[in-house]
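Accompanying notes for the structure given below.
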């Protein structure tokens with residue numbers, strides 16, 4: 001563009017015009033030292049004196065100190081052109097402004113508007129803490145950066161009070177649709193004015209138009225001042241609680257207004273608006289579909305929920321282990337711990353699960369008991385048969401050998417050896 005090419009700023013390469021307003025033009029440029037795309041805002045007004053230049057640089061310094069806030073447009077550089085016009089180098093916000101979005105999409109959802117209000121109010125709170133007033137909050141000055149975040153812009157040119165009590169109060173510097181009522185009376189700027197302008201901005205995002213402005217769009221100061229004496233109407237489809245917060249922040253009398261932007265931020269946060277725009281009492285748990293899930297506390301009669309893809313729960317513990325702590329750690333329903341088989345090498349029965357003294361050993365089952373009895377009976381029959389044969393042979397040899405039969409008399413009965421495979425339990 002010819003206009004862009006005619007502008008020469010040392011260290012910057014101007015490529016085009018991003019937008020322009022009543023007090024300046026914003027150019028798209030590249031900062032050559034760091035190869036970064038930036039927004040170069042040049043004011044149309046000329047700083048005619050050295051005093052004006054010092055005041056501008058003090059304001060730029062204040063704006064630069066706030067640019068570390070995540071919702072304040074970053075300020076990279078500032079200076080004065082050869083013709084006396086000041087300029088600022090700002091973060092490039094390719095998403096445009098909220099005014100652009102409002103013109104393209106119309107009304108914004110209440111929950112999103114409340115979120116925007118919380119973020120910008122936090123940025124203004126940091127500015128007020130640093131002694132800086134914005135004085136020109138409106139949808140056109142809230143930008144969307146390359147990361148999708150809303151950031152407040154236009155700090156440091158003609159919209160901030162200067163240091164040392166040098167404050168220019170003129171109706172020409174106002175944006176009538178969002179200026180507070182006291183500004184039309186040329187009252188000294190205060191933080192209460194920023195509270196009003198932010199609330200009016202949020203109201204416009206919800207309704208599609210400023211709250212106290214002629215429907216014709218024609219600026220008429222007398223009509224605007226008359227509208228300030230009327231109550232702020234409700235907005236169809238917007239929760240009354242949200243409108244009430246904004247109405248309080250737009251009270252015509254600054255003394256009755258929300259006391260600070262921090263208080264406005266907290267009031268918006270306390271609404272807990274859902275995506276549908278309806279207030280909710282507090283944060284709710286959400287399921288995989290994003291819908292709020294009821295918080296149900298299982299009682300004693302509430303059945304346990306099991307997933308149909310899980311295997312069925314293992315059988316309960318044997319009666320001999322009931323009521324005793326498991327040596328394998330806490331038991332989880334539906335997932336039985338792995339145990340070593342009693343006959344495997346190294347397997348030991350927990351001491352707490354062993355039968356008491358004098359009690360019969362707990363066998364593996366009825367079938368094992370029958371096998372054990374049958375083997376014991378067969379062993380006893382074979383033993384008796386063997387003893388009988390030995391006695392018969394002894395009597396047959398007595399006449400010839402003369403050996404006493406006592407040699408083969410059985411001694412004290414020895415206990416029968418334990419059958420292989422019997423349970424490794426002992427009875428005391």
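Yes or no, residue by residue, for (1) touching a residue at least 40 places away in the same chain (Cβ under 8 Å); (2) out of contact with any helix residue (DSSP H, G or I) (no Cβ under 8 Å at 6 or more places or on another chain); (3) assigned to a strand (DSSP E or B):
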| position | (1), (2), (3) |
| --- | --- |
| 39 | yes, yes, yes |
| 52 | no, yes, no |
| 58 | yes, no, no |
| 83 | no, yes, no |
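The set of residues in region 201-222 that are part of a helix (DSSP H, G or I) and crowded, with 16+ Cβ neighbours inside 10 Å comprises 201, 202, 203, 204, 205, 206, 207.
Within region 128-143, the set of residues being farther than 15 Å from residue 210 by Cα and in a loop (DSSP other than H, G, I, E, B) comprises 130, 131, 132, 133, 134, 135.
Evaluation of residue 183 against the conditions (1) outside any loop (DSSP other than H, G, I, E, B); (2) at pLDDT below 95; (3) crowded, with 21+ Cβ neighbours inside 10 Å; (4) in contact with a strand residue (DSSP E or B) (Cβ under 9 Å, 6 or more places away or on another chain) shows that the sole unmet condition is (4).
Checked against the criteria, residue 16 counts as surrounded by fewer than 16 Cβ atoms within 10 Å (Cβ to Cβ), at pLDDT 80 or above and not in a loop (DSSP other than H, G, I, E, B).
The listed residues are 68, 96, 21, and the only one of them that is exposed (fewer than 14 other Cβ atoms within 10 Å of the Cβ) and in contact (Cβ under 8 Å) with a residue 40 or more places away in the chain turns out to be 21. Within the option set 107, 55, 30, 101, being surrounded by 14 or more Cβ atoms within 10 Å (Cβ to Cβ), at pLDDT 95 or above and within 20 Å of residue 136 (Cα to Cα) holds for one residue only, 101. Note on region 259-274: residues that are under 20 Å from the mean Cα position of the chain (by Cα), surrounded by fewer than 17 Cβ atoms within 10 Å (Cβ to Cβ) and at negative phi amount to 4. Part of a loop (DSSP other than H, G, I, E, B) and within 29 Å of residue 36 (Cα to Cα) - does that describe any residue in region 95-117? Yes - at least one qualifying residue is present in region 95-117.
The values are calculated or read from the model by the stated rules, or taken from the named source; none is laboratory data. These numbers were taken from a predicted model, which means no experiment stands behind them. Using ideal geometry, Cβ is built from the backbone for each residue, glycine included, and neighbour counts are taken over all protein chains shown.
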